[in-house]
Amino acid sequence: MTTLTKSGPDKLPAIGSAARVLAEKLSPKALGEAARNLLLPLIGMTVFLIFWQLMAPQVDTSLGEFPGPTDVWEQAGQLWQEHQSEQARADKFVTMQEERNARILADNPDAEVRIRDYPGAPTFFTQIGTSLLTVLSGFALASIIAIPMGIMIGLNRYFAAAVNPLIQIFKPVSPLAWLPLVTMVVSATYVSDDPMFEKAFITSMITVTLCSLWPTLINTSVGVAAVDPDLLNVSKVLRLSFWTHTRRVVLPSAVPMIFTGLRVSLGIAWMVLIAAEMLAQNPGLGKFVWDEFQNGSSESLSRIMVAVLAIGFIGFVLDRIMLLIQKKVAWNE
Amino acid sequence: MSKSHLELTGVQMAFDTPEGPFIALDDINLKIRKGEFVSLIGHSGCGKSTVLNIVAGLLQATRGGCVLDGHEVNTPGPERAVVFQNHALMPWLTVYENVQLAVQQVFRKAMSRRERREWIMHNLALVNMEHAANKRPGEISGGMAQRVGIARALAMKPSVLLMDEPFGALDALTRAHLQDALMEIQQDLNSTVIMITHDVDEAVLLSDRIIMMTNGPAANIGEELTIDLPRPRNRVTLADNPDYVHCRQAVLSFLYEKQTFPGKNKAEPAPSTTTTETGAGGTGSNATATDHSPETEKPGPEKQRAIA
C-alpha cells in the first residue's frame with residue numbers, strides 16, 4: 001500500500017497526493033483486499049468461539065464442565081479485579097510505612113528506616129511480568145553465548161567438526177530433563193544470605209537458556225560459514241584484518257540467518273519457560289497454572305484457560321517484536 | 001618495449017582430485033607492459049580464471065610464479081585489484097560505503113578523512129555513479145552495480161587491474177556502454193589491465209594484446225595477437241575496418257577452427273598464421289570426449305604430463 005512518504009520523488013503537492021492515497025484506499029480492489037485481510041480472520045475466530053461454546057459443556061470433569069469462552073472471559077475480568085485490589089492494598093501498605101517512617105524521622109532524624117515489600121501473593125498480572133523477565137533474561141543469556149559460539153564454529157571448520165556431535169546430542173533434550181540437574185547445581189552453588197535473585201528464577205532462567213541456545217547457535221554458524229565466496233575474495237584482496245573481516249564482512253552477511261535463529265530461539269524459550277516455572281516454582285505463569293491445578297476449585301479450569309490464551313498471545317507478540325527488530329536491523333528486509 | 005611490469009614464468013597449476021592431481025594449467029609464460037590492456041580468451045574450463053586468480057594471489061601456482069614490479073606475488077593485495085563477474089559488492093553497504101571500505105583499508109594512513117571522501121566521490125564520478133552513492137546494491141541495476149565494482153577496484157589505485165569476465169552477466173547494450181566507459185578510463189589513467197572474456201568483439205575492441213588459450217587440461221597459451229588499432233576506438237567505425245575484421249577473424253579461427261569446443265574432438269591441424277605461436281596449440285581434445293577414449297588419441301606433451 002502506498003503511503004505518503006513512499007510516493008517517490010515525483011510527489012504531487014501534499015493535498016493531491018493525500019487525495020490520491022485516499023482514492024487508492026477506497027478503490028474496490030483495495031477494499032476487497034482489506035476485507036480479505038480483516039474479515040477472514042474474524043470469521044475464523046467467530047467459528048472457533050461458537051464451536052468452543054457449544055462443545056465445552058459436553059466435556060465433564062471432576063471440577064465441573066470444561067469452561068466455555070464466556071466463563072473464561074468472566075475469569076479474565078475477575079483476575080483483573082483481583083490485580084487491581086491487590087495493587088491498591090499494596091499501595092496502602094507502602095503509604096502506611098512511609099507515613100510511619102516520616103513520623104519516626106521527625107522524632108529522630110538519625111533513625112534507620114526501611115520499607116518492606118508488600119507480602120501478599122502475586123497476582124496473575126505480576127506473574128506475567130515475572131515470566132517475561134525470566135524468559136528475556138534466559139533468552140539474552142542464550143544469545144550472548146550462542147552468537148559468539150556460532151561465529152567461531154562458522155569461521156573454523158575444525159572447531160565445527162569438534163563440537164558438532166555435542167550440539168546434535170544436546171539440542172533435542174527436553175527442559176524437564178535438565179531441570180532437576182539445574183535445580184541441584186543452583187542450590188549447591190548459588191548460596192548467598194541476601195540473594196539478588198530467587199533460586200527459582202535462576203533455575204528457570206538457566207533451563208530456558210539451555211533449551212533456547214541451539215537454534216541461534218546453529219543458524220549463526222550456518223550464516224557465518226555461507227558467506228558469498230566472492231565477498232571473501234574481496235576481503236582477501238583488501239587484506240582486511242581478521243577482526244575487520246569478521247565485523248564488516250562476515251557478521252553483516254550472517255545477520256539474516258542470525259535473526260532467523262533468534263526468532264526460533266525466543267519461541268522455544270517461551271514454551272520451555274512455562275514448563276520450567278511449573279517445576280521450579282518460579283512465580284510466573286507456569287506457577288500460576290500449577291497452583292490453579294492444585295487448587296482445584298470450580299473456577300480453576302477457566303483461570304487456567306485464561307493463562308493458556310495469555311501465553312499464546314504473549315508468544316505471538318514476542319515473535320512480532322523480534323520481526324520488527326529484524327526489519328530494522330537486517331539489510332535484506 | 002619497456003621493461004615488463006608483470007611477468008608470469010612457467011606457471012603450472014595442479015588441483016588435487018580423488019583421481020590424483022589434475023593439471024589445469026601448464027607452462028604459462030606471459031609478460032605484460034605497464035599500461036597495456038591484455039585480454040585472455042578461450043573456451044570455458046580452459047583455466048583463464050585460474051591464471052587471473054594466480055595473478056591476484058587468490059591461488060598459488062604449483063610451479064613457476066608471478067612477479068609484479070620486481071616482487072613475487074604470494075598473497076592477494078589491493079595493488080592487484082579484482083573486478084568480479086557479479087560485482088561482489090557487500091549488499092548491506094551503500095554504494096559509497098562499498099568504495100569506502102576499500103579506500104579506508106588502502107589509504108587509512110596516506111589520506112585524511114576529507115581526502116578519502118573526495119577520492120571516493122572522484123572514483124564514483126569516473127564511472128558516472130555519484131548520483132547513486134547512497135543506494136544499496138539491491139536498489140540499482142546489474143550494470144550500475146558493475147560500474148561500482150569497477151570504481152571500487154580503481155579506488156585502490158592498483159598497479160594492475162584484474163577483471164574476471166566483468167561484463168559477462170550484462171545485457172548487450174549495457175555491456176557496450178560499460179566497454180566504452182572502461183576504454184575511456186583506461187586511456188585516462190593508463191592502467192594495466194588483464195581481462196578475461198568470452199566475447200571476441202569485446203577482446204578485439206578493448207585490448208592491446210589478446211592471449212588465446214588452448215583447451216584444458218594442461219591449458220597453455222596457444223597464440224598471441226597484438227591489436228594495433230589506433231585509439232580512441234569507436235565500435236561503429238571499426239565494424240568495417242579491415243584490420244579490425246582481420247583481428248576478429250584470427251581470434252575466431254583460433255577458437256572455432258583450431259581449438260573447437262571442449263568435448264568435440266575434431267582438432268584440425270593448425271595452419272600457419274601471422275600471429276606468433278608460443279605454445280603447443282591444436283590439441284583440441286578433452287578427456288571427457290564421448291566418441292574417443294583418451295588412449296586412442298595422440299596426447300600432446302602437456303597431456304602426457306597430465307596423465308603421469
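The values are calculated or read from the model by the stated rules, or taken from the named source; none is laboratory data. Nothing here was measured: the structure is a model prediction, and the numbers come from that model. Note: ideal-geometry Cβ built from the backbone for every residue, glycine included; neighbour counts use all protein chains shown. Surface areas here come from the heavy atoms of the whole protein model, side chains and all, with no ligands, DNA or RNA. Shrake-Rupley method; radii C 1.70, N 1.55, O 1.52, S 1.80 Å.
Just the number, please: carbon plus sulfur as a percent of the accessible area of the protein assembly as shown, 1.4 Å probe, no ligands or DNA/RNA counted.
Accessible surface attributable to carbon and sulfur in the protein assembly as shown totals 61 percent.
Summing charges over neighbours of A:Met96, with a neighbour being any other residue whose Cβ is under 12 Å away from its Cβ, gives +2 when K and R count +1 and D and E count -1. Ranking B:Asn134, B:Val106, B:His87 by how far each Cα lies toward the positive end of the dipole of the range B:87-157 (charges on Cβ) leaves B:Val106 at the top. Which of rounded, prolate, oblate describes the range B:172-213, given a ≥ b ≥ c as roots of the alpha-carbon gyration tensor eigenvalues and a/c under 1.5 marking rounded, otherwise prolate only if a/b is larger than b/c? It comes out oblate by the Cα gyration axes. In whole angstrom, note down how far apart the Cα centers of the range A:254-283 and the range B:28-53 are. Using only Cα atoms, the two centres lie 55 Å from each other. Taking trypsin sites (Lys or Arg not before Pro) across the range B:1-88, the ones in a DSSP loop with at most 16 further Cβ atoms lying within 10 angstrom of their Cβ are B:Lys3, B:Arg33, B:Lys34.
Rounded, prolate or oblate: which one fits chain A, using the alpha carbon gyration tensor with axes a ≥ b ≥ c (rounded when a/c is under 1.5, else prolate when a/b beats b/c, else oblate)?
Note, shape of chain A comes out oblate.
Per residue, the protein assembly as shown exposes 54 Å² of accessible surface when a 1.4 Å probe is rolled over the protein heavy atoms with every protein chain present. Would you please classify the overall shape of the range B:123-202 from the alpha carbon gyration tensor, given that a ≥ b ≥ c denote the square roots of the eigenvalues, rounded means a/c under 1.5, and beyond that prolate means a/b larger than b/c while oblate covers the rest? Oblate, because a/c is 1.5 or more while a/b does not exceed b/c. For the range A:235-333, trypsin sites (Lys or Arg not before Pro) are listed when DSSP marks them as loop and at most 16 other Cβ atoms sit within 10 Å of their Cβ; the list is A:Arg239. Take the Cα radius of gyration of the protein assembly as shown and divide it by 2.2 N^0.38 Å, N being the number of residues; the result is 1.39. Considering only DSSP states other than H, G, I, E and B, which trypsin sites (Lys or Arg not before Pro) in the range B:98-141 qualify as loop sites with at most 13 other Cβ atoms within 10 Å? Filter output for the range B:98-141: B:Arg108, B:Lys109. Within the shell of other residues whose beta carbon sits under 12 angstrom from the beta carbon of A:Gln127, the net charge comes to -3, with Lys and Arg scored +1 and Asp and Glu -1.
Taking every DSSP beta bridge that has both ends in the protein assembly as shown, the antiparallel portion is near 60%. Note on the range B:87-157: with charges restricted to the Cβ of Lys and Arg (+1) and Asp and Glu (-1), its dipole about the Cα centre is near 280 debye.
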